[in-house]
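Take a look at the structure below.
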Amino acid sequence: MIKDLWLVANLAITMELWKTRNRNYFDDAPVNWLGFKGRVYQTIRDNSSRMKGNMHNTQGDLRILNYFRVQHRSCKVNIPMEISWTPPNPDEILICCDGASMGNPGQAGSGVIFRDLSSAVLGSLSVGLGWQTNFYAEIAAVIYGAVVAQKWDIKNLCIRSDSMSCIQAFQKNELP
């Protein structure tokens, strides 16, 4: 929200400076800097209702918002999330796979990290896939990870993916 406020303030100052310059140049009106300041503050307050950002409930944020007399918004709350990681079985190699696309479809890529029992990284892989869907990128990550594991002659794999649709596609043998 503070970032939005500074953007509005810059725009308000630029706009009011332009209007004041034009009034002075074309209408020979004297420059009233106190009125200039008041009009800038009023423009900021008028446009603050359009700001969509949230504030972080810090004293600095509140001080800035109070200075400009801008309405306070809801605070962005970070909810702690419990995350656990379990290593693979002693005879397995863990493959952590992920894929993404910028848009759906869009420019896509896949990434894989190979880990052993002690969580040490054995290797990593990233692949550009061109114009693909996010689902295809997730599937490709698992496939590329399995292909590299096969080339390394690894027999037992534990594959992890954050995509439920990818996991279900492999379980049902419905790959694209």
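The values are calculated or read from the model by the stated rules, or taken from the named source; none is laboratory data. Keep in mind that what you see is a predicted model, and the values were worked out from it rather than measured. With ideal geometry, Cβ positions are generated from the backbone for all residues, glycine too; neighbour counts draw on all protein chains shown. Protein only, heavy atoms only, side chains kept; ligands, DNA and RNA dropped before computing areas. Shrake-Rupley method; radii C 1.70, N 1.55, O 1.52, S 1.80 Å.
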Which entry in (i) 1.13; (ii) 1.04; (iii) 1.30 matches Rg/Rh (Cα atoms, Kirkwood Rh) derived from the coordinates of this structure? (iii)
What angle do you read, to the nearest 10 degrees and between 0 and 90, between the alpha-carbon axis of helix 134-151 and the longest principal axis of the chain? 40
Suppose all protein chains stay in the model; what accessible area per residue would a 1.4 Å probe give for the chain, in Å²? 69
Hey, got the dipole for the range 2-133? About the Cα centre, +1 on K and R Cβ, -1 on D and E Cβ, debye to the nearest 20? 1080
Which far-off residues, 5 or more places away or on another chain, put their amide H under 5 Å from the one on Gly123, with H placed in the peptide plane? Phe114
Solvent-accessible surface (1.4 angstrom probe) belonging to Lys19, in square angstrom, nearest 10: 90
Out of the total accessible area of the range 1-147 (probe 1.4 Å, heavy atoms of protein only), what percent is carbon and sulfur? 57
Accessible area, 1.4 Å probe, largest first: how do Lys155, Lys37 sort? Lys155, Lys37
Ranked order, Ser101, Ser124 - accessible area, probe 1.4 Å, largest first: Ser124, Ser101
In Hz, Karplus ³J(HN,Hα) per residue of the range 79-84 (6.51, -1.76, 1.60; θ = phi - 60°; x = Gly, Pro): 9, x, 10, 7, 10, 10
Judged on accessible area alone, 1.4 Å probe, highest first, Ile64, Ile159, Ile2 line up as Ile159, Ile64, Ile2
For the range 55-135, with only Lys/Arg (+1) and Asp/Glu (-1) charged at the beta-carbon, what is the dipole magnitude about the Cα centre, in debye rounded to 20? 720
Let me know the charge dipole size of the range 77-176 about its Cα centre in debye, to the nearest 20, where only the beta-carbon of Lys, Arg (+1) and Asp, Glu (-1) is charged. 160
Based on the Cβ-Cβ distance from Lys52 to Leu17, what FRET efficiency comes out when R0 is 30 Å, to the nearest 0.05? 0.70
Residue by residue through the range 52-67, what is 3J(HN,Hα) from phi via Karplus (6.51 cos²θ - 1.76 cosθ + 1.60, θ = phi - 60°)? Round to whole Hz and write x for glycine and proline. 9, x, 9, 10, 8, 6, 10, 5, x, 4, 5, 5, 5, 5, 5, 4
Can you find, among Ile167, Gly38, Ser124, the residue farthest towards the positive end of the dipole of the chain? Put +1 on the C-beta of Lys and Arg, -1 on that of Asp and Glu. Gly38
Express the relative contact order of the range 42-176 as a whole percentage, based on alpha carbon pairs under 8 Å and six or more residues apart in sequence. 21
Write down the percent of antiparallel bridges among all DSSP beta bridges whose residues are both part of the range 1-156, to the nearest 5. 95
Name all residues of the range 144-171 having a backbone nitrogen under 15 Å from the label point set 7 Å from the Cα of Leu117 along its Cα→Cβ direction, giving them as ranges. 155-158
